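In what follows, a single structure is set out as structure tokens and then discussed.
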Amino acid sequence: MSLLERLEEAKQVATGERPTAKTLTGHLQQLKLKVHNKLVSELDSKALEDKEGNIKKDLLKEEVEEFILLISSQERITLTRGEHDRLLEEILDEVLGLGPIEPLLKDPSVSEIMVNGPHQVYVERQGKIERTNVTFNDNAHLLHIIDRIVSPLGRRVDESVPYVDARLKDGSRVNVIIPPLSLKGPALTIRKFFKERLGTDDLIRFGTLTPNMAEFLKACVAARLNIIVSGGTGSGKTTTLNVLSSFISPNERIITIEDTAELQLQQGHVLTLETRPPNIEGKGEISTRDLVRNALRMRPDRIIVGEVRGGEALDMLQAMNTGHDGSLTTVHSNSPRDTLARIETMTLMAGMELPVKAIREQIASAINLIVHQQRLQDGSRRIVNITEVQGMEMDVIVLQDVFYFEQKTIDEKGKVIGELKPTGIKPKFYPLFEERGIKLSAGIFVVN
């Protein structure tokens, strides 16, 4: 969309032809309308675009400021610094950004934005959900912002395609679902992508894991164990997977497979693959399973699947069992035991008529470790179990915790008080560390 088209569109919002969240009132709203009219009629939009049609944002900001000062002087309106900045921000947000939610996108304390129709906007801060005072005027305004999000991505949302998953240019993940599927009006969810990557020290500082747990997990990755990171929605699985991936040697060839690229690997030899949804005619889909199969032909040292949620579980298990050691992935589940049940169910989704016992044997021989994470009731994210998959006994897969979280109490402020501690049991694969020359600190498994 050209700058002139954006200016015309923003003017429609300001005049009420397109509804807006009217956060400005009285003289400020009138001044804003006049600035929009002036921008459309007098601004040289071509001079503010480069050869590729990208808008020179700094120059546009200067021009808008000049128009605000000029018109406020002509109208003999005295603006405070706060009113000036607010007016400037709203105009730029309507021309360049995503209107009412643009400040939330810029707020580094907000990790997720949840729009439940035009009059309810929630955010997540530090693991807790809170309602904001941000609103849209009605469904039309919200749909206008949604269209601004998905159109540059080559996607559309309408009655024939009433929901869509997409990724913004900055990596943030977007989900949209509209009426008639959403009864409260259009719903928009944005999980923000943070360029500042969290490392092991950050997770230790947050209390997600302890130094001993970090040392153990680093050894497990170096020893090329197959690891599943499990947990519920918003528990921090992707962050933990990022940290685990940082332990991989820079000399290895890594292939990542995701629906929406969120992993931030720092190694040099990384190939990032992303699934493709079907087109409007329902054709052209490339699934995670397709990419896992293709990755096996690309001579990977490691395969990292952002999330296993279907029949690709069978292909992952077969890869893990046929020499592709050191694979990493995440699974939505409620506990380590539930993780195995989920993988078993997803393997059956592949359409292969395999006996349950055969599937469990595949799981038991393929997966070495489950790192289970939870978002606790105070909003904190903790690794609550690091669990070894020890093998089969009869028809049951045997699990053994190596580390676990023991909750003790909840203080008067609602903070969960507990301790991450070892069980005192060495994993059965411990000799593998010795074979590969990996040394752990003395007493790492000792219960204090």
task: Would you point out the residue of the range 397-416, among those that are on the phi < 0 side of the Ramachandran plot and part of a loop (DSSP other than H, G, I, E, B), that is least open to solvent (accessible area, probe 1.4 Å)?
output: ASP411
query: Inside the range 141-182, can you point out the residues that are of a type in the set (Gly, Ala, Ser) and exposed (fewer than 15 other Cβ atoms within 10 Å of the Cβ)?
result: SER151, GLY154, SER160
task: Select from the range 286-297 the residues that are free of Cβ contacts under 8 Å to residues at least 40 places away in the same chain and not in a loop (DSSP other than H, G, I, E, B) and write down the one among them that is most open to solvent (accessible area, probe 1.4 Å).
output: ARG293
message: Can you pull out every residue in the range 219-258 that is under 21 Å from the mean Cα position of the chain (by Cα), over 20 Å from GLN377 (Cα atoms) and among the hydroxyl-bearing types (Ser, Thr, Tyr)?
response: SER245, SER246, THR256
statement: LEU143 fails exactly one of (1) within 19 Å of HIS119 (Cβ to Cβ); (2) within 21 Å of the chain's Cα centre (by Cα); (3) assigned to a helix (DSSP H, G or I), namely (2)
- request: Find all pairs meeting these conditions: Cβ atoms under 6 angstrom apart; at least six residues apart or on different chains; first residue within the range 139-160 and among the small types (Gly, Ala, Ser); second residue part of a loop (DSSP other than H, G, I, E, B) and buried (at least 17 other Cβ atoms within 10 Å of the Cβ).
  value: ALA140/PRO19
message: Looking at (1) within 25 Å of SER151 (Cβ to Cβ); (2) in contact with a strand residue (DSSP E or B) (Cβ under 8 Å, 6 or more places away or on another chain), which one does GLY234 not meet, given that it meets all the others?
response: (1)
field: Flag if LYS439 is more than 23 Å from GLY207 (Cβ to Cβ) and part of a loop (DSSP other than H, G, I, E, B)
entry: yes
message: I'm trying to understand the selection: among the residues of the range 211-239, which are open to solvent by 50 Å² or more (accessible area, probe 1.4 Å) and without any contact (Cβ under 8 Å) to a residue 40 or more places away in the chain?
response: PRO211, LYS218
task: Hey, can you tell me all the residues within the range 346-373 that are in a loop (DSSP other than H, G, I, E, B), open to solvent by 10 Å² or more (accessible area, probe 1.4 Å) and among the hydrophobic types (A, V, I, L, M, F, W, C)?
output: MET349, ALA350, MET352, LEU354
- prompt: Could you say whether any residue in the range 57-73 is at pLDDT below 75, part of a loop (DSSP other than H, G, I, E, B) and on the phi < 0 side of the Ramachandran plot?
  reply: no
- prompt: Identify, please: which residue in the range 255-267 is of a type outside the set (D, E, K, R) and more than 20 Å from LEU198 (Cα to Cα) and is, among those, surrounded by the most Cβ atoms within 10 Å (Cβ to Cβ)?
  reply: ILE257
field: Test set (1) under 30 Å from the mean Cα position of the chain (by Cα); (2) on the phi > 0 side of the Ramachandran plot - MET394 fails condition number
entry: (1)
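So that you can scan it fast, the table gives a plain yes or no per residue for (1) out of contact with any helix residue (DSSP H, G or I) (no Cβ under 6 Å at 6 or more places or on another chain); (2) at pLDDT 85 or above:
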{"residue": "PRO108", "(1), (2)": "yes, yes"}
{"residue": "ILE113", "(1), (2)": "no, yes"}
{"residue": "PRO118", "(1), (2)": "no, yes"}
{"residue": "GLY127", "(1), (2)": "yes, no"}
{"residue": "ASN133", "(1), (2)": "yes, yes"}
{"residue": "PHE136", "(1), (2)": "no, no"}
{"residue": "LEU142", "(1), (2)": "yes, yes"}
{"residue": "SER151", "(1), (2)": "yes, no"}
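So, in the range 300-345, exactly how many residues are open to solvent by 50 Å² or more (accessible area, probe 1.4 Å), at pLDDT below 90 and more than 24 Å from the chain's Cα centre (by Cα)?
Residues flagged as open to solvent by 50 Å² or more (accessible area, probe 1.4 Å), at pLDDT below 90 and more than 24 Å from the chain's Cα centre (by Cα) within the range 300-345 amount to 5.
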message: Let me spell it out: the conditions are (1) in contact with a strand residue (DSSP E or B) (Cβ under 8 Å, 6 or more places away or on another chain); (2) of a type outside the set (Val, Ile, Thr); (3) open to solvent by 10 Å² or more (accessible area, probe 1.4 Å), and LYS283 meets all of them except one. Which number is the exception?
response: (1)
message: The conditions are (1) within 25 Å of LEU33 (Cα to Cα); (2) buried (at least 19 other Cβ atoms within 10 Å of the Cβ), and VAL115 fails exactly one of them. Which is it?
response: (1)
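The values are calculated or read from the model by the stated rules, or taken from the named source; none is laboratory data. Values in this document were obtained by computation on a predicted structure and should not be read as measured data. Note that we place each Cβ from the backbone using ideal geometry, even for glycine, and neighbour counts take in every protein chain shown. Side chains are part of the model used for accessible areas, which takes the heavy atoms of the whole protein and leaves out ligands, DNA and RNA. Shrake-Rupley method; radii C 1.70, N 1.55, O 1.52, S 1.80 Å.
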